[in-house]
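Visitor: Here it is, the structure, as structure tokens.
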Amino acid sequence: MTRVGRKIGFVLTASRHGSLIVDRFDYNRVGDQLYGVGGQILETGAFDAAEIDLLLSLLRFRRQYFGDGVCSSSIAAPTSGFTRSNARSR
């Protein structure tokens, strides 16, 4: 077997979001600024805490406004005629 010297890109890491498989080459550094999901998780243990908090607050607002389910007017009802009551007969 031929040995190829290549760097391993994906690593399993513990983060604030739980265990994640992260690409350690997923970053770009410009001066002191670090861009990229993988780089941020490996450097700080989390991805943009402010963005995550914003998304969670939007999801909470959606749940309060629409309830636990999806707004019924935004999704059309299926027209195939397939229901649970006749699913066993097929």
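The values are calculated or read from the model by the stated rules, or taken from the named source; none is laboratory data. Quantities reported herein were computed from a predicted structural model and do not represent experimental measurements. Note: ideal-geometry Cβ built from the backbone for every residue, glycine included; neighbour counts use all protein chains shown.
Visitor: Quick check, is Gly69 of a type outside the set (A, V, I, L, M), modelled with pLDDT of 60 or more, within 30 Å of Ser15 (Cα to Cα) and part of a helix (DSSP H, G or I)?
Guide: The answer is no for Gly69.
Visitor: Of everything in the stretch 1-32 that's among the aliphatic types (A, V, I, L, M) and surrounded by fewer than 11 Cβ atoms within 10 Å (Cβ to Cβ), which residue is farthest from Phe47 (Cα to Cα)?
Guide: In this case the residue turns out to be Met1.
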